[in-house]
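*Asks:* Quick one: this structure, given as structure tokens, is what I'll be asking you about.
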Amino acid sequence: MSKQWEFWIDVGGTFTDAIGCAPDGTLKTCKVLSSGVTRGRGLWDRSRQTLTDPARRLPSPDFFGGYKLRLLDEGGRMIGDAVVVHHDLDQGMLALDGVSFAASAKEFAYELISPELAPVLAIRTLLGLPLAVELPPCRVKLGTTRGTNALLERKGARTAFITNRGFGDLLRIGNQARPKLFELDIRKPQPLFDSVVEVAGRIDAEGRELTPLDLDSLRSKLFSLKQQGIDSLAVCLLHAWKNPVHEVQVGQLARELGFVEVSLSHEVAPRIKAVARGDTTVVDAYLNPVLREYVARIQSSLGQSPLQLMTSAGGLVGAGAFRGRDCILSGPAGGVVGFARVATLAGFSKAIGFDMGGTSTDVSRYAGEFEREFETTKAGVRIVAPMLAIETVAAGGGSICGFDGVSLFVGPHSAGAQPGPACYGAGGPLTVTDCNLALGRLLPERFPFELDAAVVDRRLSELCEQIASSTLGKRYTPIELAQGFIDIANAHMARAIRQISVARGFDPAEHVLVTFGGAGAQHACALALELGIRKILVHPLASLLSALGMGLADVRRMRELTILRECTDAVLNEARTEWEGVADDLKVEIVAEGVAASLIDPPVIAFEMRYIGQESTILVRPHSDALDARRLCELFEAAHERQFGYSRSGRGIELCVVHIECVGRLPDPEWQIEATAARRPSPAQWTDVWFDREKLPTGVFERS
């Protein structure tokens, strides 16, 4: 049993979910907005300079002392601000100082802004600690979208790309993939780097030096970058995966000149294919400064308490080892770990995870082991790094619903945490959450803050008039329109689930649908009906399951070896000697994270293989150490048959990449697992809900 608090936190695009595990093993939960803002409505007393809100009777006296308060008008615009000097729990009263508004006694919407980041606000909320009190020693396990958002919004560090002479446009040209072949107005994503530096020097495909590196010329170019304010360098030289000597020289020179952030491709993505390797290295360099600043701010609030972060591969790493290439699916990876564990505990061997949050929906599949991808495209950028196989669609509770003059749309843009959906009362747009509220699927009295149903009705009615007066000319009722938006969102999400199941040769009907995320359960039944799934699992902590996954995750380290030789026993034995050495290094790294050597599992080995002459590979996961080349090739052909419907017996098979994974097991929380039981509870109340455009009296059940 832990002797100090542990906090498991998932920072999403809209909400930050947190679970606190007390020293006695009991769990406490909370949700805060990822903007660090606490919203409410209160009565302003001008004479006393106070704002009274009954919802502010938690969590502790003077909790909000030192927070900035913003008063909002009906459109969500700020009309003044102040600082909270006292927080009276008995009345829910906030005493203010430095008031910059002169409103008379009236009810107003307001926002309380924490000077600390949302994860720290969540910890303080769980412990009831005001700003003036330091946090106690604790352990924090965190997943965050900070890197993902910086990539999507193109708000990373100023980065320079360094490559061989004549290859400066390598990443702009790319690999000539055309995913939208028939689109007439194709717009290539803007590169992440600001500048390109070409350096003379060359290594050949066998790793031999053809031309020495021109370090004198490079020195002056790097000095010029420094003067331009470039923060970060991404170095990708040809064939560095085979022989990194030139990249090492560039890295040494850059650090001598004062560059702190230097990403070398042979360290970031040590494999063939210069384009994907270069893109991954640029992503790493582009995001590393953002992540380091973010982690440093959290660590400054935590003091000496250890902080671990979730990687895209589903494992925890220390804060100092968290890199840009590993952060893209940091939050969703916690959800995969969480749903896989609870599905297994509930007795299901095959499960599909359906994580619908505020900004997006993430779906994934689990059948006894985590499915991973090693080369993928995220936010228009190719990334070569181990990631859990997660399909993301821009359909979350905060996805914006609208009409573009021709058709209805849901997403891809989101209202986010600020201003949030229209019903949050901060001037936000119409969203999926608003449509669920209009259909009766959200109970305002059960929400953590007051919802504005009137503004939702007004937005839907205005949109109905806009559609009726357009060339479409169709007359909708507000309820029909709300249901139409929900149907569109469901179609997007069903398509994503088919992508991770049917498209890979698996039948969704053979799986249980594990629904989680704040919005998931509102859509799970419709999706199950669409996909032929017969069972849905809703965990008691479903709305915080990604945070639970942070607490249940283990420390993982992964590395890969590029082989690129025909799969024979001799080649396999040579590779075995190499991967056993790599596994020993990974175990040392895990022990350095504080995991006892006795808790480290034997290494898990997987192989990327392909028919000789093909480009794409298939991942083969043997479940036995006693493996020869013939058996490995049989496993590859069976996987090829399942995925593509055919195999090519007698054709040579190439062993491309060996993946090595070591796992250090962390102890699970000491909780009791209840036996399943058939129950038919009575509803605590009744409410009207719209189903298929028909209003039906619907029972509301207390989960507890």
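The values are calculated or read from the model by the stated rules, or taken from the named source; none is laboratory data. Computed from a prediction, not measured in an experiment: that's the story for all the values here. Neighbour counts run over all protein chains shown; Cβ positions are idealised from the backbone, glycine included. Heavy atoms of the whole protein, side chains included, go into the accessibility calculation; ligands, DNA and RNA do not. Shrake-Rupley method; radii C 1.70, N 1.55, O 1.52, S 1.80 Å.
Here is a yes/no grid of residues against (1) in a helix (DSSP H, G or I); (2) open to solvent by 10 Å² or more (accessible area, probe 1.4 Å):
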| site | (1), (2) |
| --- | --- |
| F259 | no, no |
| S263 | no, no |
| I272 | no, yes |
| G278 | yes, no |
| L287 | yes, no |
| V295 | yes, yes |
| S301 | yes, yes |
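*Asks:* Also: Does G207 satisfy the criteria of being touching a residue at least 24 places away in the same chain (Cβ under 8 Å), touching a Ser or Thr at 6+ places or on another chain (Cβ under 7 Å) and open to solvent by less than 90 Å² (accessible area, probe 1.4 Å)?
*Replies:* No.
*Asks:* Given the structure, is T431 open to solvent by less than 20 Å² (accessible area, probe 1.4 Å), more than 27 Å from A684 (Cα to Cα) and either among the hydroxyl-bearing types (S, T, Y) or at pLDDT 95 or above (or both)?
*Replies:* yes
*Asks:* Evaluate the range 456-479: report whether one residue or more is closer than 25 Å to G12 by Cα and out of contact with any His (no Cβ under 7 Å at 6 or more places or on another chain).
*Replies:* Scanning the range 456-479 turns up at least one residue that is closer than 25 Å to G12 by Cα and out of contact with any His (no Cβ under 7 Å at 6 or more places or on another chain).
*Asks:* For the range 568-606, how many residues are among the hydrophobic types (A, V, I, L, M, F, W, C) and touching a Phe, Trp or Tyr at 6+ places or on another chain (Cβ under 8 Å)?
*Replies:* Total meeting the criteria: 1.
*Asks:* Could you check the range 54-70 and list, in sequence order, the residues that are farther than 16 Å from A132 by Cβ and modelled with pLDDT of 90 or more?
*Replies:* Correct list: L69, R70.
*Asks:* Take the range 434-471 and flag every residue that is among the β-branched types (V, I, T), surrounded by fewer than 23 Cβ atoms within 10 Å (Cβ to Cβ) and assigned to a helix (DSSP H, G or I).
*Replies:* V455, I467
*Asks:* From the list Y424, Y476, exactly one residue is more than 19 Å from F108 (Cα to Cα) and aromatic (F, W, Y). Which is it?
*Replies:* Y476
*Asks:* Output the residue which, of all residues in the range 135-190 that are in a strand (DSSP E or B) and closer than 30 Å to P119 by Cα, is most open to solvent (accessible area, probe 1.4 Å).
*Replies:* Within the range 135-190, the match that is most open to solvent (accessible area, probe 1.4 Å) is R139.
*Asks:* Can you tell me which residues in the range 383-416 are open to solvent by 10 Å² or more (accessible area, probe 1.4 Å) and closer than 26 Å to A269 by Cα?
*Replies:* P386, E391, T392
*Asks:* Sort out which residues of the range 494-538 are under 20 Å from the mean Cα position of the chain (by Cα), surrounded by 17 or more Cβ atoms within 10 Å (Cβ to Cβ) and in a helix (DSSP H, G or I), and write them in order of number.
*Replies:* Passing the criteria: A494, A496, I497, I500, G520, A521.
*Asks:* Quick one: L33 ticks every box in (1) under 22 Å from F108 (Cβ atoms); (2) surrounded by fewer than 22 Cβ atoms within 10 Å (Cβ to Cβ); (3) among the aliphatic types (A, V, I, L, M) bar one, so which box is it?
*Replies:* The number of the failed condition is (2).
*Asks:* Kindly provide the set of residues from the range 230-240 that are closer than 15 Å to G278 by Cα, within 30 Å of the chain's Cα centre (by Cα) and either of a type in the set (S, T, Y) or open to solvent by 50 Å² or more (accessible area, probe 1.4 Å) (or both), ordered by number.
*Replies:* S232
*Asks:* Further question on the same structure: Of the conditions (1) more than 26 Å from the chain's Cα centre (by Cα); (2) open to solvent by 30 Å² or more (accessible area, probe 1.4 Å), L94 fails just one. Which one is it?
*Replies:* (2)
*Asks:* Ok, one more. Being open to solvent by 10 Å² or more (accessible area, probe 1.4 Å) and of a type in the set (S, T, Y) is the filter; apply it to the range 36-70 and report the residue that is farthest from the chain's Cα centre (by Cα).
*Replies:* S47
*Asks:* Taking only the range 651-704 into account, find how many residues are assigned to a strand (DSSP E or B), closer than 30 Å to H640 by Cα and either open to solvent by 60 Å² or more (accessible area, probe 1.4 Å) or in contact with a Cys (Cβ under 6 Å, 6 or more places away or on another chain) (or both).
*Replies:* 2
*Asks:* Now for a different question. What's the number of the only condition in (1) under 28 Å from S224 (Cβ atoms); (2) at pLDDT below 95; (3) open to solvent by 40 Å² or more (accessible area, probe 1.4 Å) that P306 fails to meet?
*Replies:* Here P306 meets the rest and fails (1).
*Asks:* How many residues are polar (S, T, N, Q) and either over 16 Å from T148 (Cα atoms) or assigned to a loop (DSSP other than H, G, I, E, B) (or both) when one looks only at the range 389-416?
*Replies:* Residues in the range 389-416 being polar (S, T, N, Q) and either over 16 Å from T148 (Cα atoms) or assigned to a loop (DSSP other than H, G, I, E, B) (or both): 2 in total.
*Asks:* Let me ask you something else. Taking the condition farther than 30 Å from K587 by Cα and either open to solvent by 100 Å² or more (accessible area, probe 1.4 Å) or modelled with pLDDT under 90 (or both), does E637 pass?
*Replies:* Spelling it out, it is not the case that E637 is farther than 30 Å from K587 by Cα and either open to solvent by 100 Å² or more (accessible area, probe 1.4 Å) or modelled with pLDDT under 90 (or both).
*Asks:* So which residues in the range 607-628 are open to solvent by 10 Å² or more (accessible area, probe 1.4 Å) and touching a helix residue (DSSP H, G or I) at 6+ places or on another chain (Cβ under 7 Å), if there are any at all?
*Replies:* If the condition is that a residue be open to solvent by 10 Å² or more (accessible area, probe 1.4 Å) and touching a helix residue (DSSP H, G or I) at 6+ places or on another chain (Cβ under 7 Å), then I618, P622, D628 are the ones that fit.
*Asks:* Would you check which residues across the range 639-653 are small (G, A, S) and either free of Cβ contacts under 8 Å to residues at least 40 places away in the same chain or under 16 Å from P622 (Cα atoms) (or both) and list them?
*Replies:* Residues satisfying the conditions are A639, G645, S647, S649, G650.
Here's the yes/no breakdown for (1) modelled with pLDDT under 90; (2) farther than 15 Å from G549 by Cβ:
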site	(1), (2)
D284	no, yes
Q299	no, yes
G334	no, no
F348	no, yes
G353	no, no
G357	yes, no
S360	yes, yes
E373	yes, yes
